[in-house]
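Below is one structure, written out as structure tokens; comments come after it.
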Amino acid sequence: MQKGNYKGKCLKRKLSKCKDVCRTFSEIGDKYALKLEENDDIVEIRCNVLLDSFSMGEYTSDFVCKRKNGDLMVRECVQRKFLTKPMTLKLLDASREYWIRHGVVDWGVVIDEE
């Protein structure tokens, strides 16, 4: 998850399953974008999807993907060292609740290796 107006380092990559240029803000996100691109079950990838009327302010979800069967899958990329931070946990919980309210059941977190 990123603030909607994040101004930090941005990695840009053109993916065939993404209509726009895929912008990621971490190495985790960049590597995961490539995994999504290779996954035959994923037909569309949307990066940095703005959460409308999000209770925590203006934030984006890292990846919202459409599967072959039409279901949506949401993934948030977080560095392992931030998983113990209270604000990170609060944002992840709020994101999960947001997407559940929008009918998404396949929500998950992508973390880096130790």
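Taking the conditions (1) farther than 15 Å from Tyr98 by Cβ; (2) small (Gly, Ala, Ser); (3) touching a Ser or Thr at 6+ places or on another chain (Cβ under 7 Å) in turn, Gly29 satisfies each one other than (3). For segment 57-92: of the residues being touching a strand residue (DSSP E or B) at 6+ places or on another chain (Cβ under 8 Å) and among the aliphatic types (A, V, I, L, M), which is farthest from Arg23 (Cα to Cα)? Looking at residues that are touching a strand residue (DSSP E or B) at 6+ places or on another chain (Cβ under 8 Å) and among the aliphatic types (A, V, I, L, M), I get Leu83. Would you check if Val21 is free of Cβ contacts under 8 Å to residues at least 12 places away in the same chain, of a type in the set (Val, Ile, Thr) and farther than 17 Å from Asp112 by Cα? Taking the combined requirement at face value, the residue satisfies it. Of the strands (runs of 3 or more DSSP E) lying entirely inside segment 5-114, those carrying at least 1 residues that are surrounded by 16 or more Cβ atoms within 10 Å (Cβ to Cβ) and in contact with an Asp or Glu (Cβ under 8 Å, 6 or more places away or on another chain) are 22-24, 42-50, 59-67, 72-78, 106-111.
Only the coordinates and a few stated rules stand behind these numbers; no lab work does. Keep in mind that what you see is a predicted model, and the values were worked out from it rather than measured. Note that each Cβ is placed from the backbone with ideal geometry, even for glycine, and that neighbours are counted across all protein chains shown.
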